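**Q** Just passing along the structure, written as structure tokens.
The values are calculated or read from the model by the stated rules, or taken from the named source; none is laboratory data. These numbers were taken from a predicted model, which means no experiment stands behind them. Virtual Cβ from ideal backbone geometry, glycine too; neighbours counted across all protein chains shown. We work out accessible area using only protein heavy atoms, side chains counted, and drop any ligands, DNA or RNA first. Shrake-Rupley method; radii C 1.70, N 1.55, O 1.52, S 1.80 Å.
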Amino acid sequence: MNKIFETPLYPYQRHPDQDAQAPVRRKVVVIGAGPVGLAAAIDCAQQGIEVVVIDDNDKVSFGSRAICFAKRPLEILDRLGCGHEMVEKGVEWKLGKVFFDERRVYEFNLLSEEGHEFPAFINLQQYFFEEYLVARLRQLQEADAPVEIRGGSRVEAVEDAGDHLKLKIGTPDGPYTLEADWLIACDGAGSPTRGMLGLDFIGRVFEDNFLIADVIMDADFPTERWFWFDPPFNRGQSALLHRQPDGVWRIDLQLGWDIDKEHEKKPENVIPRLKAMLGEGVNFELEWVSIYTFQCRRMDKFRHGRVLFAGDAAHQVSPFGARGANSGLQDTDNLVWKLNLVIEGRAPDSLLDSYSEERVFGADENILNSTRSTDFITPKSNMSRTFRNAVLDLAEDHAFARPLVNSGRLSVPCTYDGLSLNGADDLPGGPERTRIGSPCCDAPLGDGYLLPKLGNGFVMLTIDADAPDSIEEDGVIAQRFAVSAADDPTSALAARYLGTARSAVYLIRPDQHVAARWTGFDDAAMRKAINTACGKE
């Protein structure tokens, strides 16, 4: 077994809060030290928000779990201070191949254009991902940031006290009460917090099971995503193969609905399946085995008073398309800057309603794509299977059929079209990809790349346009970052931000989504857009 599973990273230690005469009040408590909870805590700490992470575990997750991390979350992680480390450790890939029976019928390239600092995808086991996040949290602690993590502790009850929450925290030394102004629940698909509040999901549970195996082997398979429909080693089902760091390979095998899960997880039953796939001559050992039944569901809303849900606690999707952890990181990226403005009194409490509005919108987009992928991969009728197989047959020789092949539409960031924080779009000829509500796309500059220069605050991005160095509106400051299309000899900046326009001014939110854009700077329009983006209009 990989020793990383065995090493406590945040072991239980008795805290002075447990011995206080009266319950201690904390600004923010995060439940769950998985990828989403740790990202939320790091983001809070970097913005100066006092935050405590509570988790009943004290180690990283056992098994690879989430492994595919897309470019947009890697860009978010870069702003959190650990994106490059993860890319250096991870396995980069951009080519995927789809097989039907033994034939390769289709392949795709995820990052066909140049001019991005981060790759389309990396594969990185969740235990490494969490280890890097914990290390970043420790760095922030050493720099006296207001963040701590309490392992061996669990939230057993949540009580609404009006202007705060009362939490009952269970520990090996017995329970104690902790108060919190805000609670971010990142406690997973089975979220105890959701249960305590009597909340539930809406959506579908798919009647199918998949075996996941982490296999250690020295294999010469290329670093690509391989997906099989109806392969000879798993007839009537599907299979997936991915390379991970340190000689570990991720294999997913569809098993069907009516199975004995405990029986199927036994090594004596898993190993023959893997030998049938890999060949008798391949030596391997099992690192981790699990079976999952996938779901496409979400909560009705992600904000419930002072409790905010994120990640799998708020929404679930099938694993096809890598939309789980990737969307969870986008949840916290959307949430924390808004929470900071509310805590500091620079935005109304209602701004947090827009977190639910925007991320429910994102969840619905993910669920739609995930459901379509699942229906294609696991057809539920003979007619659906006939259609699916015909598409795969046609895709081998006919380009028109290839967009219909759906082995998992891979994660892309959500554009918040038509939602309440969006401002004016007054840039005739402006590119569709950077329209209002879109996440900013990267572009090369002479001394690096665009996105790291935008930072974590409101920014006026000016391209061949004049504007003041900064503007303050009702306590919110937007700093100017000025560039010229001539700064990028590849013309990617102009293509991605100007289109046919000669100049542009963009208002960029702290989560690097476009709030508004114009051909030039207008003071009144900029102030109105800032107020709109902060929920004041």
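**Q** Can you tell me which condition Leu419 does not meet? The list is (1) under 30 Å from Val205 (Cα atoms); (2) of a type outside the set (Ser, Thr, Tyr); (3) modelled with pLDDT under 95; (4) open to solvent by less than 40 Å² (accessible area, probe 1.4 Å), and all the others hold.
**A** Exception for Leu419: condition (3).
**Q** Among the residues of the stretch 228-243, which ones are in contact (Cβ under 8 Å) with a residue 60 or more places away in the chain and in a loop (DSSP other than H, G, I, E, B)?
**A** Listed by number, the residues that qualify are Asp230, Pro231, Pro232.
**Q** When the stretch 486-519 is examined, which residues are found to be over 25 Å from Asn334 (Cα atoms) and of a type in the set (D, E, K, R)?
**A** Within the stretch 486-519, Asp487, Asp488, Arg502 qualify.
**Q** To continue, here is another question. Out of (1) part of a helix (DSSP H, G or I); (2) open to solvent by less than 10 Å² (accessible area, probe 1.4 Å); (3) under 21 Å from Glu75 (Cα atoms), the odd one out for Ala529 is which?
**A** (3)
**Q** Please identify the pairs in which a residue from the stretch 346-363 that is on the phi < 0 side of the Ramachandran plot and assigned to a helix (DSSP H, G or I) has its Cβ atom under 6 Å from the Cβ atom of a residue that is open to solvent by 60 Å² or more (accessible area, probe 1.4 Å) and charged (D, E, K, R), counting only partners at least 6 apart or on another chain.
**A** Note: pairs meeting the criteria are Ser356/Lys301.
**Q** On to the next question. With respect to Asp252, is the statement that it is charged (D, E, K, R) and under 30 Å from Ala185 (Cβ atoms) true?
**A** yes
**Q** Which ranges mark the helices (runs of 4 or more DSSP H) fully within the stretch 60-178 that have 3 or more residues being crowded, with 22+ Cβ neighbours inside 10 Å?
**A** 71-80, 126-142
**Q** Among what's in the stretch 440-466 and is of a type in the set (Gly, Ala, Ser) and surrounded by fewer than 20 Cβ atoms within 10 Å (Cβ to Cβ), pick the residue that is modelled with the highest pLDDT.
**A** Ranking the qualifying residues of the stretch 440-466, first place goes to Gly457.
**Q** When the stretch 485-507 is examined, which residues are found to be of a type in the set (A, V, I, L, M, F, W, C) and part of a loop (DSSP other than H, G, I, E, B)?
**A** Answer for the stretch 485-507, where residues must be of a type in the set (A, V, I, L, M, F, W, C) and part of a loop (DSSP other than H, G, I, E, B): Leu498, Ala501.
**Q** So, one more: Looking for whichever is open to solvent by 20 Å² or more (accessible area, probe 1.4 Å) and either touching an Asp or Glu at 6+ places or on another chain (Cβ under 8 Å) or closer than 26 Å to Arg480 by Cα (or both) here; the options are Gly437, Gly429. Which one fits?
**A** Gly429
**Q** Keeping to the stretch 457-484, report how many residues are touching a Leu at 6+ places or on another chain (Cβ under 9 Å) and not in a strand (DSSP E or B).
**A** 3
**Q** Tally the residues that are in a loop (DSSP other than H, G, I, E, B), closer than 30 Å to Cys44 by Cα and either open to solvent by 40 Å² or more (accessible area, probe 1.4 Å) or at pLDDT below 95 (or both), restricting the search to the stretch 276-312.
**A** Residues that pass the stated criteria total 4.
**Q** Right, here's the next one. Of all residues being within 21 Å of Gln254 (Cβ to Cβ) and basic (Lys, Arg) in the stretch 350-383, which is most open to solvent (accessible area, probe 1.4 Å)? Just the residue, please.
**A** Only one residue fits best here, namely Arg372.
**Q** Could you say which residue among Arg235, Arg273 is in contact with a strand residue (DSSP E or B) (Cβ under 7 Å, 6 or more places away or on another chain) and open to solvent by 30 Å² or more (accessible area, probe 1.4 Å)?
**A** Arg273
**Q** Then there's this: Can you tell me which of Asp246, Asp258 is closer than 22 Å to Glu285 by Cβ, open to solvent by 20 Å² or more (accessible area, probe 1.4 Å) and in a loop (DSSP other than H, G, I, E, B)?
**A** Asp246
**Q** From the residues in the stretch 179-227 that are of a type in the set (A, V, I, L, M, F, W, C) and in a loop (DSSP other than H, G, I, E, B), which one is surrounded by the fewest Cβ atoms within 10 Å (Cβ to Cβ)?
**A** Filtering the stretch 179-227 for residues that are of a type in the set (A, V, I, L, M, F, W, C) and in a loop (DSSP other than H, G, I, E, B), the one surrounded by the fewest Cβ atoms within 10 Å (Cβ to Cβ) comes out as Phe221.
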